[in-house]
Amino acid sequence: MLSAALQSDLSAVVEGVNMMWVLTVTFLIFFMHAGFAMLEAGQVRSKNVANQLTKNLLTWSVGVIVFFLAGAAISTIVGGATGGGSYSVVGAFTDLYAPESGSAGVWVNWLFGAVFAMTAATIVSGAVAGRAKLRAYVSYTILLAAVIYPVVTGFTWGGGFLDALGFYDFAGGVIVHAMGGIAGLTAAWIIGPRVNRFNDDGSVNVIPGHSMTFAVLGTLILAFGWYGFNVGTSASPLALSDSGEVVLGSFSTVGRVALVTTLGMAAGAIGAAAVATYKTGKVDTLYVANGLLAGLVGVTSVTDVIVWPGAIAIGLLAGAQLPIVFEFVEKRLKIDDVCAVFPVHGSAGVLGALAYPFVATAFWNGNASFVSLAIPQVVGVLVISVWTFAATALVFGAFRAVGQARVSQAHELEGLDSSEHGVDTYPEFGGPDDAGARVDGGVIRSDGGVADVSPNSHRAETVSDDETEKDL
């Protein structure tokens with residue numbers, strides 16, 4: 001009798017400690033929004049900073065309520081409907097709104113899922129910065145939180161058909177990051193590039209962000225929060241053995257996740273720096289920062305089940321592909337992805353998921369064949385990519401059809417801080433900037449060079465002599 005009572009007390013202790021652990025890492029992941037805010041604000045013009053910060057604030061504020069009211073339940077329903085499990089449409093909502101007595105972890109687990117959902121949502125804002133209407137972006141966030149993201153999690157973490165197939169994504173390398181990157185690229189394609197981004201002859205004008213300092217600070221905040229993203233997902237601190245003893249959770253797994261996360265992060269920065277140096281002869285700071293994030297994204301889906309040399313390999317590849325994919329998107333596809341969300345989150349996340357069979361511990365230990373690991377990953381990536389592209393294209397295509405996808409050219413040149421919010425982020429520094437400072441007839445480039453502005457370029461047609469004198 002005493003033994004049973006003691007075991008019951010220990011169970012309560014274990015449950016309490018584990019829930020506090022989940023809440024702690026949840027708060028750490030939430031802090032990543034500060035990183036996204038600084039990273040994106042640093043990469044936009046000073047005349048668009050307040051707009052970008054507002055989008056980050058509203059992404060969380062609007063999205064998290066929608067995810068509570070609808071998104072989490074829809075994920076449960078989609079998981080049960082596509083995975084063959086039992087589910088109740090009404091119960092999916094009521095179990096969250098009013099959990100039974102004793103279900104202490106329901107709302108804790110919901111919040112843990114919500115911070116992942118909002119991470120996917122906020123990625124999109126960086127791709128469409130500087131020209132998307134606030135109402136269009138917020139409306140898309142509502143639909144992403146209510147349906148688009150929950151369908152993806154229903155297929156996978158919710159026990160749906162991709163989970164049954166064996167698709168593996170530990171902490172959201174594809175489910176969160178690649179999904180957000182693909183959505184961002186699709187939205188940027190449909191909305192169109194910023195004014196003066198491309199010339200009539202197809203050449204590209206670099207429009208540098210206003211603060212490298214903010215961008216790097218945001219990068220490091222995101223990297224810090226990523227330990228909550230990955231390590232926080234890996235295991236609960238305590239467990240109760242069959243004999244009723246309190247034992248530590250699987251900290252061998254926790255250690256592997258922490259190591260892989262760190263190695264992937266570092267290798268990503270090195271890979272991007274190496275390729276950027278090879279291509280331009282200079283170490284581009286922004287490529288290094290984004291390469292660090294790409295390395296993190298690359299290992300996120302497989303961080304608990306790969307050998308540690310694989311973490312370095314995936315990180316290097318994820319970082320190395322960043323300058324190449326960004327240039328392809330910019331110069332070949334002519335898509336204006338302002339904060340490089342597709343090469344950082346989209347292609348890096350896909351690369352990590354598809355690289356899994358090559359570096360999986362199960363493959364190297366002889367416990368699984370390459371084909372059995374590869375097929376579910378390929379199918380999962382394809383399904384999530386097609387769904388995300390189709391849903392995002394439908395939403396932003398509808399906004400564009402009714403003229404509500406982007407602001408007017410006049411408002412874009414004026415700056416969204418003024419036209420959308422009626423503020424000037426840096427009033428003591430003079431008026432909002434234009435598309436770029438003029439130096440010897442050119443536009444200052446972020447790589448230190450000067451882009452030529454010919455009389456036939458779009459910029460030459462839209463920038464007046466008065467504006468040139470103001471810039472100088």
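Of all the residues in segment 256-310, those that are under 23 Å from Leu373 (Cβ atoms), open to solvent by 10 Å² or more (accessible area, probe 1.4 Å) and within 16 Å of the chain's Cα centre (by Cα) number 0.
For segment 187-204, a residue qualifies if it is crowded, with 17+ Cβ neighbours inside 10 Å and not charged (D, E, K, R), and the qualifying residues are Ala187, Ala188, Trp189, Ile190, Ile191, Gly192, Pro193, Val195, Asn196, Phe198, Asn199. Tallying residues that are more than 17 Å from Trp157 (Cβ to Cβ) and either in contact (Cβ under 8 Å) with a residue 40 or more places away in the chain or of a type outside the set (Phe, Trp, Tyr) (or both) within segment 87-97 yields 5.
What number of residues within segment 212-245 satisfy the criterion of being loosely packed, with under 14 Cβ neighbours inside 10 Å and either touching a helix residue (DSSP H, G or I) at 6+ places or on another chain (Cβ under 7 Å) or closer than 22 Å to Val338 by Cβ (or both)? Of the residues in that region, 2 qualify.
Residue-wise test of (1) among the polar types (S, T, N, Q); (2) part of a helix (DSSP H, G or I).
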{"position": "Gly352", "(1), (2)": "no, yes"}
{"position": "Pro357", "(1), (2)": "no, yes"}
{"position": "Ala362", "(1), (2)": "no, yes"}
{"position": "Ala368", "(1), (2)": "no, no"}
{"position": "Ser372", "(1), (2)": "yes, yes"}
{"position": "Val378", "(1), (2)": "no, yes"}
{"position": "Leu382", "(1), (2)": "no, yes"}
{"position": "Arg400", "(1), (2)": "no, yes"}
{"position": "Glu412", "(1), (2)": "no, yes"}
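For segment 145-174, what are the residues that are closer than 20 Å to Asn230 by Cβ and β-branched (Val, Ile, Thr)? Scanning segment 145-174 gives Val152, Thr153, Thr156, Val174. Among residues that are among the basic types (Lys, Arg), touching an Asp or Glu at 6+ places or on another chain (Cβ under 7 Å) and either touching a residue at least 60 places away in the same chain (Cβ under 8 Å) or more than 24 Å from Ala34 (Cβ to Cβ) (or both), Arg135 is not included. Residues that are in a loop (DSSP other than H, G, I, E, B), out of contact with any strand residue (DSSP E or B) (no Cβ under 9 Å at 6 or more places or on another chain) and open to solvent by less than 20 Å² (accessible area, probe 1.4 Å) do occur in segment 120-131. Of all residues being open to solvent by 10 Å² or more (accessible area, probe 1.4 Å) and assigned to a loop (DSSP other than H, G, I, E, B) in segment 141-168, which is nearest to Ala368 (Cα to Cα)? Just the residue, please. Step by step, filter segment 141-168, then rank; the result is Gly166. Candidates are the residues of segment 337-350 that are aliphatic (A, V, I, L, M) and assigned to a helix (DSSP H, G or I); the one that is surrounded by the fewest Cβ atoms within 10 Å (Cβ to Cβ) is Val350. Meeting the requirement of 2 or more residues that are more than 23 Å from Gly228 (Cβ to Cβ) and within 22 Å of the chain's Cα centre (by Cα), the helices (runs of 4 or more DSSP H) wholly within segment 1-113 are 49-66. Taking the criterion of being β-branched (Val, Ile, Thr) and either open to solvent by 50 Å² or more (accessible area, probe 1.4 Å) or under 15 Å from the mean Cα position of the chain (by Cα) (or both), the residues of segment 381-391 that qualify are Ile384, Val386, Thr388.
The values are calculated or read from the model by the stated rules, or taken from the named source; none is laboratory data. Being a predicted model, the structure only gives us computed values, none of them experimental. Using ideal geometry, Cβ is built from the backbone for each residue, glycine included, and neighbour counts are taken over all protein chains shown. Note: areas computed on protein heavy atoms with side chains; ligands, DNA, RNA excluded. Shrake-Rupley method; radii C 1.70, N 1.55, O 1.52, S 1.80 Å.
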